[in-house]
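What follows is calculated from the coordinates using simple rules that are stated; it is not laboratory data. Here the structure is a predicted model, which means the values were calculated and not measured. Cβ atoms come from the backbone with ideal geometry, glycine included; neighbour counts cover every protein chain shown.
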Amino acid sequence: MLYFSRMRWKIDGMSFDALWKLEGQEAKAAVDSIQKGIVSHLYKPCAEQYVISIGGARTVEDFDRYAMGILPMREHLIFEQVLPLEEGFTIDVFPYLTKRTAEMDDRPRLLHYVELHWDPRARSLDSHWAEIVETLQRLDAPKVLGVYRLAGREGAIAIIDIETAADLNHLAALPCLAGAEVTQVEALRDYLGFAEDVWRGYRFD
């Protein structure tokens with residue numbers, strides 16, 4: 001089962017220096033989970049004190065044990081959301097992001113989380129889901145890294161890579177998304193780049 005998680009840092013009374021030391025340990029565990037294929041998406045929303053992820057767990061018990069007993073920051077993380085997902089598609093995310101990082105000087109891009117919802121009374125997502133997945137998978141601009149249906153709900157989330165805000169408008173205006181309302185858009189940092197900043201203590205002098 002795939003799950004979307006939103007994990008907020010609980011840092012009351014903690015200095016940023018102390019946070020970065022603890023987050024440095026968390027980042028090592030996170031990179032390990034990426035390399036093992038447990039996590040397919042991991043991002044830090046820009047200027048926010050939380051992290052979002054999409055990853056798999058064999059059972060809910062496994063997920064709970066990992067969250068409550070294994071994560072280095074378990075005492076300082078609040079799981080605000082844990083949502084089951086139906087996968088539409090996922091590209092090979094981290095090789096894509098590695099290549100993207102090397103191209104950023106010549107071709108700057110912006111990762112975004114996009115959440116969409118449909119009228120729950122109409123149940124139109126049931127009949128359009130296959131078309132949505134096929135259309136988004138073919139897109140080159142904006143590049144869609146993955147799209148997922150919120151299980152049991154008339155909603156979906158997508159991770160996209162854009163060059164300008166016009167790309168977001170282009171996505172929202174696609175015919176296959178007629179009837180959908182974009183309810184949330186967040187700018188994201190690739191977690192691997194964020195981890196590098198954490199390991200240097202967020203010092204850039």
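For the pair Q137 and K36, a Förster radius of 35 Å applied to the C-beta separation gives a FRET efficiency near 0.90, rounded to the nearest 0.05. I need the shape label for segment 1-160. Rule: rounded when a/c is under 1.5, else prolate if a/b > b/c, else oblate, with a, b, c from the alpha carbon gyration tensor. It is oblate, given that a/c is not under 1.5 and a/b is not larger than b/c.
The percentage of C-alpha pairs in segment 2-85 whose separation is greater than 20 Å is 27%. Each listed q (0.11, 0.12, 0.16, 0.20 Å⁻¹) maps to a log10 I(q)/I(0) for segment 69-205 from the Debye sum over equal C-alpha point scatterers, namely -0.49, -0.57, -0.94, -1.26.
Placing R0 at 30 angstrom, the Cβ-Cβ distance between V82 and D12 gives a FRET efficiency of 0.85 after rounding to 0.05. If R0 is 25 Å, the Cβ-Cβ spacing of Y66 and K21 corresponds to a FRET efficiency of close to 0.70. Divided by 2.2 N^0.38 Å, where N counts the residues, the Cα radius of gyration of segment 77-156 comes to 1.30.
Just checking the listed ones, R65, R153, R121: in the Gaussian network model of the chain with Cα springs under 10 Å, the one fluctuating most is R121. Quick one: which of K21/K99; K10/K36; K36/K99; K44/K143; K10/K143 span more than 25 angstrom between C-alpha atoms? Over 25 Å apart, Cα to Cα: K21/K99; K10/K36; K10/K143. Would you mind calculating the gained length between E163 and R74 on full extension (0.36 nm times residue separation, minus the Cα-Cα distance), in nm to one decimal? So the chain would gain 28.5 nm between E163 and R74. Any idea how far the Cα center of segment 16-82 sits from the one of segment 109-182, in Å? For segment 16-82 versus segment 109-182, the Cα centre distance is 25 Å.
Within the shell of other residues whose beta carbon sits under 14 angstrom from the beta carbon of T98, the net charge comes to -2, with Lys and Arg scored +1 and Asp and Glu -1. A crude spin-label estimate for the pair T59 and A178, with each label 7 Å from Cα along the Cβ direction, gives 4.7 nm.
Take the chain and mark each of the chymotrypsin sites (Phe, Trp or Tyr not before Pro) that is in a DSSP loop with at most 15 other Cβ atoms within 10 Å; the longest unmarked stretch, sites excluded, is 1-201.
Estimated purely from DSSP H runs of n ≥ 4, each contributing -39500 (n - 2.57), the mean residue ellipticity at 222 nm for the chain is -10500 deg cm²/dmol once divided by its residues. Extension gain for the segment R203 to M104, taken as residue separation times 0.36 nm less the Cα-Cα distance, is 33.5 nm to one decimal.
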